[in-house]
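Report on one structure; see the data block that follows.
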Amino acid sequence: MERASTQAEPQALARGCPTLPVDPFDEAFLADPYAHHESIRDAGPVVWLERIGAFGMARYAQVQAALRDHETYCSGRGVGLADFAKEEPWRPPSLLLEADPPLHDRTRGLMNRIVSLKALKALRPTWAAHAEALADELLEKRRFDAVADLGEAYPMRVFPDAIGVPAEGREQLLVYAAATFNAFGPRNAVFERGNAIAGDAVAWVAQACKRENLAPGGWGRAVYEAADTGECTSEEAERLVRSFLSAGVDTTVNGISHMILALATHPDQWERLRAEPGLAKRAFEESLRWDSTVQTFFRTTARDVTVEGTSIPEGSKVLLFLAAANRDPRRWEAPDRYDLSRATSGHVGFGFGIHQCLGQMVARFEGELVLEALIPRVREIRLAGEPERRLNNTLHAIASLPVEIEPA
Ligand code: OVV
């Protein structure tokens, strides 16, 4: 941080892009990122974020172009602020998220075959039954916390079983994911608070990734079966299973929670969805555009590059504001509106390019099944209290979302 603040100014002037004093990981920013995005987008296509010593891009065109150009904007030096070429990573790097081709393409190909449409279709009846049972329980309650009782409850009922992790201690998955996503940011107080309690969760996840602890027939075992055929080593399999457990829970938890927040605060859109249940897919997709669970990821430049007149030297960290791109008025009409009429395709809530979310079909399945269970049962969803935020360096997260529902 020292180096960033003393050298930022002359470097930024030489590069000819605006220097911004905003820290995108301070608590005020994390609590309400959307209040800050406009000024970053409007400052220019590329900005220098002197507080963190990184470039930033918040407009749709530049974010999408950077995601597309994985050779210039690499992932193998980490997708957080830490440059793995210079600093020890928080944990051994992911073989997907924090890897470049050719390694990335081998691991991604193997994982794509496991998380296939066929595999998901096989799970559909069970996952639909869970969604319907949960919706019935919520109707009994009428008033509930849409985070604990739905956003967390649903993924926790279906996802860990699909992977095949032990039943005992599963709540550690949430602690682990929060720490993992915090670790992409600076070592600030938000990171330290999560990290202080993550020790048991890290140990639990490490055990859960081992072959003998994974249930036969699950996606975890399937990764080891790929190792048996020589597609990867068993050490790699262990770390690939870790990716499922890192990326598959807190993301969908907050994705589903934000979808409920969107619908509770846009009653006309809920009404429309009930009249046209075929819009369920779009309702989930638009909620991801409107409030993107994964707010940001970094890339590292693998060569010197010039963007709109700004020269970015090799080895620079570049913060991509996915959520700001998803509300860029240069790309979206009335971007702050949650709108089921919108063509959502092209949003970067799942990223873009070779690293685009491996689990996106799983996330969509979960979101849609939750909606399909609620639509016929629930006439109205309304807030029953103030939503409470949970600060995270990467995720836009909700701690609690009190709602009340009226039966259909
Ligand atoms: C997208 C994502 C987030 C966090 C962890 C991972 C992936 C991983 O591959 O471990």
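The values are calculated or read from the model by the stated rules, or taken from the named source; none is laboratory data. In this text, all values refer to a predicted model and were calculated from it rather than measured experimentally. No Cβ is skipped: glycine too gets one built from the backbone with ideal geometry, and neighbour counts run over all protein chains shown. These area figures cover heavy atoms from the full protein model, side chains too; ligands, DNA and RNA do not enter into them. Shrake-Rupley method; radii C 1.70, N 1.55, O 1.52, S 1.80 Å.
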Hey, which of the helices (runs of 4 or more DSSP H) in the range 192-306, taking only ones fully inside, have at least 1 residues that are of a type in the set (D, E), on the phi < 0 side of the Ramachandran plot and free of Cβ contacts under 8 Å to residues at least 24 places away in the same chain? 219-228, 234-247, 267-275
For the range 39-65, pairs from a residue that is closer than 13 Å to V22 by Cβ and free of Cβ contacts under 8 Å to residues at least 40 places away in the same chain to a residue that is among the hydrophobic types (A, V, I, L, M, F, W, C) and part of a loop (DSSP other than H, G, I, E, B), with Cβ under 7 Å and 6 or more apart or across chains, are V47/C17
Only one of L371, L288, L383, L320 that is away from the ligand (no atom under 16 Å from the Cβ), open to solvent by less than 20 Å² (accessible area, probe 1.4 Å) and either in contact with a Gly (Cβ under 9 Å, 6 or more places away or on another chain) or at pLDDT 95 or above (or both): L371
Checking R379, R364, R389, R342 in turn, the sole residue that is among the charged types (D, E, K, R) and in a loop (DSSP other than H, G, I, E, B) turns out to be R342
Test set (1) surrounded by 20 or more Cβ atoms within 10 Å (Cβ to Cβ); (2) of a type outside the set (S, T, Y); (3) within 16 Å of the ligand (Cβ to nearest atom); (4) assigned to a helix (DSSP H, G or I) - F350 fails condition number: (4)
Of (1) within 14 Å of the ligand (Cβ to nearest atom); (2) within 16 Å of S246 (Cα to Cα); (3) open to solvent by 10 Å² or more (accessible area, probe 1.4 Å), N112 fails just (2)
Is it fair to say G169 is part of a loop (DSSP other than H, G, I, E, B), among the small types (G, A, S) and either within 16 Å of the ligand (Cβ to nearest atom) or farther than 15 Å from G248 by Cβ (or both)? yes
Yes/no for A146 being surrounded by 22 or more Cβ atoms within 10 Å (Cβ to Cβ) and more than 16 Å from the ligand (Cβ to nearest atom): yes
Checked the range 307-317 for anything in a strand (DSSP E or B) and closer than 22 Å to N393 by Cβ; matches are K317
Search result, residues across the range 23-68 that are of a type outside the set (A, V, I, L, M, F, W, C), within 12 Å of A323 (Cα to Cα) and open to solvent by less than 10 Å² (accessible area, probe 1.4 Å): P33, H37
